[in-house]
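The structure under discussion appears below in the form of structure tokens.
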Amino acid sequence: MNVGEAATRTGWSPRMLRYIERYGLVVPARTQSGYRLYGLRELNQLRSLRTLLDRFRIELSDVAFAARLRRDTVLRAAVDSWLASTELDALEWEQLKHERLLAA
């Protein structure tokens, strides 16, 4: 089915279906002339995507970024490194607390 029919069946707008495809979340097949063809697999992916967003109260951009992290190992390593550097262990936290108390 085409993008309009898929939009009607899933509740997504045609514009959102294009956005979802652009970020690689649901990628329909294409005809030789370039039209999108949505099948049962893509319809199920779109429905389950809507359920995921509603269940966890997240945005489409959150899922798009998570998908990008899975594909881009350099980005994933950079984010992991940054997150690790922002986590203070209990000893460091206590040490900083005492340094602040002594300085006051």
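The values are calculated or read from the model by the stated rules, or taken from the named source; none is laboratory data. As the structure is a prediction and not an experimental result, all values here were calculated from the model. All Cβ positions, glycine included, derive from the backbone under ideal geometry; neighbour counts span all protein chains shown. To get the accessible areas, we keep the full protein, side chains included, count just its heavy atoms, and leave off ligands, DNA and RNA. Shrake-Rupley method; radii C 1.70, N 1.55, O 1.52, S 1.80 Å.
So, in region 76-98, how many residues would count as being in a helix (DSSP H, G or I) and either touching a His at 6+ places or on another chain (Cβ under 6 Å) or closer than 30 Å to Phe65 by Cα (or both)?
Residues in region 76-98 being in a helix (DSSP H, G or I) and either touching a His at 6+ places or on another chain (Cβ under 6 Å) or closer than 30 Å to Phe65 by Cα (or both): 11 in total.
Could you grab the pairs with beta carbons closer than 7 Å, sequence gap of 6+ or different chains, first residue in region 41-69 and under 24 Å from Met1 (Cα atoms) and free of Cβ contacts under 8 Å to residues at least 60 places away in the same chain, second one surrounded by 11 or more Cβ atoms within 10 Å (Cβ to Cβ) and among the basic types (Lys, Arg)?
From residues that are under 24 Å from Met1 (Cα atoms) and free of Cβ contacts under 8 Å to residues at least 60 places away in the same chain, the pairs are Leu43/Arg9.
Can you name the residue in region 71-104 that is within 23 Å of Gly24 (Cβ to Cβ) and in contact with a helix residue (DSSP H, G or I) (Cβ under 8 Å, 6 or more places away or on another chain) and is also most open to solvent (accessible area, probe 1.4 Å) among such residues?
The extreme case among them is Arg76.
Out of all the residues in region 17-40, is one or more assigned to a helix (DSSP H, G or I), within 17 Å of Asn2 (Cβ to Cβ) and β-branched (Val, Ile, Thr)?
Within region 17-40, one or more residues are assigned to a helix (DSSP H, G or I), within 17 Å of Asn2 (Cβ to Cβ) and β-branched (Val, Ile, Thr).
Pick from region 1-44 the residues that are open to solvent by less than 60 Å² (accessible area, probe 1.4 Å) and among the polar types (S, T, N, Q): which of them is farthest from the chain's Cα centre (by Cα)?
Thr31
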